[in-house]
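Novice: Take a look at the following structure, please.
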Amino acid sequence: MNTEHLSEQQIIRREKLKELSRLGIDPFPAEFYPVNTTAAFIKNNYKGDENKDDFSEVCVAGRILSIRDMGKASFAVLQDSTGKIQLYIRRDDIAKDENETLYNIVWKKLIDIGDIIGVKGYVFTTKTGETSIHVSEFKLLSKSLRPLPVVKEKDGETFDEVTDAEFRYRQRYADLIVNPHVKEIFIKRTKMINAIRDFLNEHGALEVDTPVLQNIPGGAAARPFKTHHNALDIPFYLRIANELYLKRLIVGGFDWVYEFSRNFRNEGMDRTHNPEFTVLEFYVAYKDYLWMMETTEQLLEKTALAVNGTTKVMSGDKEIDFKAPYKRISMYDAIKEYTGIDITDKDEEGLRQVCQQLGIHADKSMGKGKLVDEIFSEKCEEHFVQPTFIIDYPVEMSPLTKKHRSKAGLVERFELIVDGKEIANAYSELNDPLEQKERFEEQSKLMERGDDEAMYIDYDFLRALEYGMPPTSGIGFGIDRMVMLLTNQASIQDVLLFPQMRPEKKFTEEKDTEIGPK
């Protein structure tokens with residue numbers, strides 16, 4: 001074993017590993033361990049003399065977070081998936097008969113903070129009022145070879161909490177150990193997804209799966225990741241959206257389909273963007289964007305209640321209420337309200353001048369749609385804190401959307417903005433195949449001008465539309481951003497278990513690139 005680049009603690013733990021093996025103790029046993037309760041259940045339900053018989057034979061397993069040696073006895077803190085509980089381990093209880101190895105050598109010398117053990121015993125209350133387990137038997141279940149960052153607690157307060165983002169996001173497994181409250185974010189994430197799924201299923205929607213590898217990246221204006229299929233010897237793209245496949249299913253006769261999809265966009269990374277992210281999209285036949293706004297309000301109100309027990313959430317220092325109904329304002333009216341400029345009749349050159357006047361960057365590749373989007377994003381979006389539907393977009397911004405039934409030059413589209421961030425995007429879907437082809441061709445012209453987010457022409461999708469797609473409304477929700485709102489997290493990295501990061505230098509025996517607190 002090459003120990004040249006290991007820390008002193010890592011070397012010591014490897015030596016302990018050897019000693020355990022020498023004593024005939026398997027440091028990584030493969031066996032069923034008969035856990036019959038949890039730390040949280042014990043602490044929430046133990047009532048002392050009132051029900052001590054119910055806790056006379058408990059068996060728990062978890063990770064050791066601290067040890068206090070008191071001579072012939074020790075106190076330790078064990079953490080399982082539900083929380084922490086104190087252990088009381090006495091030499092006379094463990095070192096029975098002539099066998100003192102387990103306590104004198106293993107517990108006193110070979111057990112470390114971070115090791116995973118199983119214990120059996122009975123529950124009691126210490127003189128200081130701490131609910132604890134009096135251990136009669138313990139077993140090493142997994143030896144920890146790398147020390148955890150030290151987190152100190154006293155009187156219910158945490159000191160030296162591990163907050164370094166580089167450590168937390170890159171080593172999420174260690175973050176979850178030393179910052180167990182982080183688990184609550186991901187428990188709420190699951191509750192949120194389950195609540196959404198329950199809502200859709202109760203309303204008759206069908207959950208489906210669509211391809212992640214696509215020969216044409218469609219359904220959104222975004223830059224795709226490109227890969228290569230060796231057997232077919234053709235390029236493929238990781239999906240940027242699942243919209244066009246879900247609409248194919250509406251053509252095929254399904255009335256309401258949905259999918260939680262993992263999407264990939266080869267774009268920037270910041271506090272609200274990750275190149276790999278989760279989206280919910282659903283499409284409903286014989287509906288329009290007005291119906292979709294009402295359905296969105298119902299869905300989000302129910303979801304907030306399911307996750308937090310209230311429609312009100314905190315986002316930073318701002319209180320946001322998901323109680324329906326939500327404000328509605330057109331995109332042009334929003335721009336006029338926050339810039340003082342009416343862009344309703346502006347052509348592309350006029351919009352360029354507005355961008356210049358407002359100090360907004362606008363390059364030659366940007367068409368009318370992107371220019372309007374930049375103005376709204378830069379000058380308006382941040383002002384919408386409470387849930388607000390931004391409705392009726394210019395047609396140039398929405399190549400998959402049906403033209404407005406009464407307002408020339410606009411389409412029937414909305415985005416839901418909450419706390420200055422887009423949470424959902426929805427349309428009355430364009431179902432005219434001839435007009436859809438024209439819209440795709442306009443996107444091709446933008447691609448020729450250098451717009452690397454313009455849409456490709458999907459001829460198979462056009463063929464599907466030629467068979468006839470009923471009037472349809474569709475929507476896409478940013479799941480990660482919704483979790484941010486419902487858990488009061490400012491960064492998307494905090495709601496992703498394993499956010500994308502720049503790769504570390506390769507781990508080798510010659511060079512250990514250990515990061516985080518030492």
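Novice: When you go through LYS120, LYS127, LYS84, LYS108 one by one, which is the residue that is in a helix (DSSP H, G or I) and of a type in the set (Lys, Arg)?
Specialist: LYS108
Novice: Being part of a loop (DSSP other than H, G, I, E, B) and closer than 22 Å to ARG265 by Cα narrows it down to one residue among ILE423, ILE457; which is it?
Specialist: Going through ILE423, ILE457 in turn, the sole match is ILE457.
Novice: Tally the residues that are among the small types (Gly, Ala, Ser) and modelled with pLDDT of 95 or more, restricting the search to the range 421-471.
Specialist: Residues that pass the stated criteria total 5.
Novice: Then there is this: Checking the structure you have, find out if any residue of the range 15-31 is surrounded by 13 or more Cβ atoms within 10 Å (Cβ to Cβ), basic (Lys, Arg) and assigned to a strand (DSSP E or B).
Specialist: Checking the range 15-31: not a single residue is surrounded by 13 or more Cβ atoms within 10 Å (Cβ to Cβ), basic (Lys, Arg) and assigned to a strand (DSSP E or B).
Novice: Please find, within the range 28-74, the residue that is farthest from LEU87 (Cα to Cα) out of those that are of a type in the set (Phe, Trp, Tyr) and in contact (Cβ under 8 Å) with a residue 40 or more places away in the chain.
Specialist: Per the stated criteria, the residue is PHE28.
Novice: I'd like to check something: does the range 489-506 contain any residue that is in a loop (DSSP other than H, G, I, E, B), at pLDDT 95 or above, farther than 28 Å from GLY369 by Cα and open to solvent by less than 70 Å² (accessible area, probe 1.4 Å)?
Specialist: For the range 489-506, residues in a loop (DSSP other than H, G, I, E, B), at pLDDT 95 or above, farther than 28 Å from GLY369 by Cα and open to solvent by less than 70 Å² (accessible area, probe 1.4 Å): present.
Novice: Which one of the conditions (1) over 21 Å from the mean Cα position of the chain (by Cα); (2) assigned to a loop (DSSP other than H, G, I, E, B) does TYR283 fail to meet, given that it meets all the rest?
Specialist: Of everything listed in (1) over 21 Å from the mean Cα position of the chain (by Cα); (2) assigned to a loop (DSSP other than H, G, I, E, B), TYR283 misses just condition (2).
Novice: Additional query: What pairs come up if the first residue lies in the range 199-219 and is closer than 18 Å to PHE254 by Cα, the second is of a type in the set (Ser, Thr, Tyr) and open to solvent by 20 Å² or more (accessible area, probe 1.4 Å), and their beta carbons are under 7 Å apart, counting only those six or more places apart or on different chains?
Specialist: THR210/TYR245; PRO211/TYR245
Novice: Go through the range 375-427 residue by residue and tally those that are touching a Gly at 6+ places or on another chain (Cβ under 9 Å), of a type outside the set (A, V, I, L, M) and open to solvent by less than 40 Å² (accessible area, probe 1.4 Å).
Specialist: Count: 9.
Novice: Is it true that some residue in the range 92-113 is surrounded by fewer than 19 Cβ atoms within 10 Å (Cβ to Cβ), within 21 Å of LEU20 (Cα to Cα) and under 31 Å from the mean Cα position of the chain (by Cα)?
Specialist: Yes, the range 92-113 has at least one match.
Novice: Scan ARG189, ARG168 and give me the residue that is crowded, with 17+ Cβ neighbours inside 10 Å, part of a helix (DSSP H, G or I) and at pLDDT below 95.
Specialist: From the options ARG189, ARG168, the qualifying one is ARG168.
Novice: Do any residues in the range 444-458 that are within 13 Å of PRO399 (Cα to Cα) and surrounded by fewer than 16 Cβ atoms within 10 Å (Cβ to Cβ) have Cβ atoms under 7 Å from those of residues that are at pLDDT 85 or above and β-branched (Val, Ile, Thr), where the two are at least six apart or on different chains, and which pairs are they?
Specialist: The qualifying pairs are SER444/ILE457.
Novice: Taking the range 238-267 only, how many residues are open to solvent by 50 Å² or more (accessible area, probe 1.4 Å), under 28 Å from the mean Cα position of the chain (by Cα) and either over 13 Å from ASP209 (Cα atoms) or among the aromatic types (Phe, Trp, Tyr) (or both)?
Specialist: Qualifying residue count for the region: 4.
The values are calculated or read from the model by the stated rules, or taken from the named source; none is laboratory data. Because the structure is predicted, anything quoted here is derived from the model rather than measured. Every residue, glycine among them, receives a Cβ derived from its backbone with ideal geometry; neighbour counts consider all protein chains shown. Heads up: the accessible areas ignore ligands, DNA and RNA and are worked out on the full protein's heavy atoms, side chains in. Shrake-Rupley method; radii C 1.70, N 1.55, O 1.52, S 1.80 Å.
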